[in-house]
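J.: Can you keep this structure in mind? I'll have questions shortly.
Since every read-out is calculated from the coordinates, none of them should be taken as a lab result. Please read these numbers as outputs of a predicted model, since none were measured by experiment. Quick reminder, even Gly has a Cβ in these numbers, built from the backbone with ideal geometry, and neighbours come from all protein chains shown.
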């Protein structure tokens, strides 16, 4: 889901080459996990409780399940109690 969001935003703003480069950087530098049944259920619960977009609820559910922070500057994640987040500066994923 994160790759989808980053790729889509970059594709619209900066074009296909930048979008591919950034999404490949994420794939190289982070562990990419597939969505499963548990993630879908927990995501739906978070979305319903906090009224956040589906993509953000999926990302939040995956972060909780895998015990890692969300790397984002999106304010939707602040609505979720005990959600660990880390900010980032544009272009820096490390």
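J.: By how many degrees, 0 to 90 and rounded to 10, does the Cα axis of helix 37-50 deviate from the longest principal axis of the chain?
T.: Value to nearest ten degrees: 80.
J.: Related question: Which residue, 76, 50, 66, tops the fluctuation ranking in a GNM of the chain built on C-alpha contacts under 10 Å?
T.: Among 76, 50, 66, the largest GNM mean-square fluctuation belongs to 66.
J.: Order by neighbour count: 23, 43, 48, fewest other Cβ atoms within 10 Å first, most last.
T.: 48, 23, 43
J.: Between the helical axis of 16-29 and the dominant principal axis of the chain, each derived from Cα atoms, what acute angle in degrees is found, rounded to the nearest 10?
T.: 60 degrees
J.: Can I ask one more? Quick one: if the Förster radius is 41 Å, what FRET efficiency do residue 26 and residue 49 give, using the C-beta to C-beta distance and rounding to 0.05?
T.: 0.90
J.: On a full-extension model of 0.36 nm per residue, what is the gain between residue 33 and residue 79, subtracting their alpha-carbon distance, rounded to one decimal in nm?
T.: 14.2 nm
J.: Over the chain, with a Gaussian network built from C-alpha contacts below 10 Å, which listed residue (56, 73, 29) shows the highest mean-square fluctuation?
T.: 29
J.: Which one, [x] 17; [y] 24; [z] 37, gives percent of Cα pairs over 23 Å apart as derived from the coordinates shown?
T.: Only one listed value fits the structure, namely [y].
J.: Please arrange 1, 62, 35 by counting, for each residue, the other beta carbons lying within 10 Å of its beta carbon, fewest first.
T.: Fewest to most other Cβ atoms nearby, the residues stand as 35, 1, 62.
J.: With contacts defined as alpha carbon pairs under 8 Å and 6 or more residues apart, what's the relative contact order of the chain in percent?
T.: For the chain, the relative contact order is 21 percent.
J.: Roughly what angle does helix 2-14 make with the longest principal axis of the chain, taking Cα atoms, 0 to 90 degrees, to the nearest 10?
T.: For helix 2-14, the angle is close to 40 degrees.
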